[in-house]
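Notes follow once the structure below has been shown.
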Amino acid sequence: MVTHPSALENLEQAKARVLALWAPPPDLMVSQWAEVHRVMPKGTTSRPGTWRSEVYQREIMDAMCDPLVNEVVWMKSTQVGASEILNNIIAYFIDLDPKPMMLVEPTETNAKDYGRKRITPMIQACPRLHEKVRDAKSRQGGNTLQLKEFPGGFLKLTGANSGAGLRSDPVPIVGFDEVDGYPDDVNGEGDPIEIGTRRTDQFPDFKVFKFSTPAKPKGISRIERDWERSDQRRFHVPCPHCGHEQVLWWTDPKTKEHRLVWEVDADGQVVQESVRYVCAKCKAGITERHKQGMLDRGRWIAAHPGRPVVGFHINALYSPWKENWHTLAQEWVDAQENREALKAFINLRLGETWEELGETQDAESLKDRLEPYEAEVPGNVACLTMAVDVQDNRLEAVVKGWAPGEESYLLAYEVLWGDPSTDPGVWEDVEELRLRSWTRADGVKMQVAATVVDSGGHHTDAVYDFVQPRQNLRARVFAVKGVEFNSKPVLAAEGTTKRSAV
């Protein structure tokens, strides 16, 4: 029996198609995938067509492919391409490594807008994505503004203000976008980032990435907090004159000198041709025409290599798409007499947190200001308060005396050892301290007028058991919960049930 040559050819073609279906995905990093397959639709970018990565963008994207990295943090300014980097990460996993994903925006409305304005156009413009994500007109569904289904997984978009959206699906990849815009507490259930991150608990190879421009004050900003615990990578570029690698600082953190300098005319306008960046080593002025060449030869350097969280920081001085140093200089000049404009510049252009100006003290100088007093309670103290911090193996109680002008005196600091949930003796010690009598300098006997107890940890029921019978106008004992930012009134109306917080 002789097989016709055309039949053999058809068989070989069929075998090739079958093998292609089972072939492993190409071994590409996120940046490599984007440079080959990502198409930027006209009308959504100043550089339509095939995606072109800036050097500083590659490492941010590729960190998501590192099997040793579970968390990536990027504290940034505007004008650095963060949204498209986020989109490239999402597109990469849809195409080459499909799995369930969740992207969290500040609100549900933001999530819908992002799905309509960013995700949908990206899918429609990229053939490899369009063939995998179900068409929006399909009777099967699976393609809405907040849900994109594809073989092997899905992308869910939700808001940080939606507890139901955050906790509905287990996912190995969670992206948190503009985290400084999140509420401190969602529907009374706690921190939205903590709720969303818990969706990854069952996946050992989970990935969490957090991108944000700072939008809260120093010490309160979520993105700053995460950046501080990261390996803190900054992008170093070489001076075109001497080759010295340096970070493009607006204000040098060591010398406090401005690195970008310029001249101003009689009308308060920055003279464009005078704007230059001063090299930290050779002190030569660098004009912006050198910027792209510097960016192309730059590299990320970590301040704390080895930390498990990978963190990046960059500001608008690095923005590659147009010359903007003159614009930044003019914005800075114009903001000097406007506190809110200056705050916006620090946040949006420098990618840094706003810090209120005022007197600061180091520990030693503050210690030098201590004033001794002879009596148990100074004579000008009008009332006493107590605060109790609850830890897993102890309670820490602080008693303070308060005088006019909000002057305070530390009268006692007690560490009371014991498990708050199982050891009733530790609460008896708190009660003994609360009821103790204190003698003021003039002989007047005083007791604690009001007590607050932390209820935000793992021993909430034990706290409520102590507080509830004393939550009245006579004892004035209240349960409180600390938050990162005071977005609500300090005191709320007293609850009607045992589990209500005040």
May I ask you to say which residue of Asp429, Asp419, Asp442 is touching a residue at least 24 places away in the same chain (Cβ under 8 Å), within 23 Å of Tyr373 (Cβ to Cβ) and either in contact with a His (Cβ under 8 Å, 6 or more places away or on another chain) or open to solvent by 30 Å² or more (accessible area, probe 1.4 Å) (or both)? Asp442
Quick one: would you say Gly163 is closer than 24 Å to Val80 by Cβ, touching a helix residue (DSSP H, G or I) at 6+ places or on another chain (Cβ under 9 Å), surrounded by fewer than 19 Cβ atoms within 10 Å (Cβ to Cβ) and of a type outside the set (D, E, K, R)? no
Close pairs from segment 160-183: first closer than 13 Å to Ile223 by Cβ, partner of a type in the set (S, T, N, Q) and open to solvent by less than 40 Å² (accessible area, probe 1.4 Å), Cβ under 6 Å, at least 6 apart: Glu178/Ser212; Val179/Ser212; Asp180/Ser212; Asp180/Ser221
So which residues in segment 367-404 are in contact (Cβ under 8 Å) with a residue 40 or more places away in the chain, open to solvent by less than 70 Å² (accessible area, probe 1.4 Å) and farther than 30 Å from Ser421 by Cα? Ala375, Val377, Pro378, Gly379, Val381, Cys383
Among (1) at pLDDT 50 or above; (2) more than 21 Å from Asp389 (Cβ to Cβ), Pro489 falls short only on (1)
Mind listing whichever residues of segment 405-415 are open to solvent by 20 Å² or more (accessible area, probe 1.4 Å) and in contact (Cβ under 8 Å) with a residue 12 or more places away in the chain? Glu407, Tyr409, Leu410, Leu411, Tyr413, Glu414, Val415
If we ask which residues in segment 24-80 are of a type outside the set (S, T, N, Q) and assigned to a loop (DSSP other than H, G, I, E, B), their number turns out to be 20
Could you list, in sequence order, the residues of segment 166-200 that are open to solvent by 10 Å² or more (accessible area, probe 1.4 Å) and small (Gly, Ala, Ser)? Ser168, Gly181, Gly188, Gly190
Could you check how many residues of segment 32-52 are hydroxyl-bearing (Ser, Thr, Tyr) and surrounded by 18 or more Cβ atoms within 10 Å (Cβ to Cβ)? 0
Picked from segment 140-160 (must be on the phi < 0 side of the Ramachandran plot, open to solvent by 10 Å² or more (accessible area, probe 1.4 Å) and in a loop (DSSP other than H, G, I, E, B)), the residue modelled with the lowest pLDDT is Gln140
Determine if segment 6-14 includes at least one residue that is outside any helix (DSSP H, G or I), of a type outside the set (Val, Ile, Thr) and modelled with pLDDT under 75. no
Which pairs have Cβ atoms under 6 Å, sit 6 or more apart or on different chains, and link a residue in segment 221-247 that is among the basic types (Lys, Arg) to one that is in a helix (DSSP H, G or I)? Arg222/Val179; Arg222/Asp180
Taking segment 455-486 and the residues there that are among the small types (Gly, Ala, Ser) and either part of a loop (DSSP other than H, G, I, E, B) or modelled with pLDDT of 95 or more (or both), the one that is surrounded by the fewest Cβ atoms within 10 Å (Cβ to Cβ) would be Gly482
Residue, nearest to Pro127 (Cα to Cα), within segment 80-98, restricted to residues that are small (Gly, Ala, Ser) and open to solvent by less than 30 Å² (accessible area, probe 1.4 Å): Ala91
Matching residues in segment 56-78 - criterion: being polar (S, T, N, Q) and surrounded by fewer than 20 Cβ atoms within 10 Å (Cβ to Cβ): Asn70, Thr78
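The values are calculated or read from the model by the stated rules, or taken from the named source; none is laboratory data. Since we're looking at a predicted model, the values are computed, not measured. Reconstructed Cβ throughout: ideal geometry from the backbone, glycine too, with neighbour counts over all protein chains shown. The area values use the complete protein model at the heavy-atom level, side chains included, leaving out ligands, DNA and RNA. Shrake-Rupley method; radii C 1.70, N 1.55, O 1.52, S 1.80 Å.
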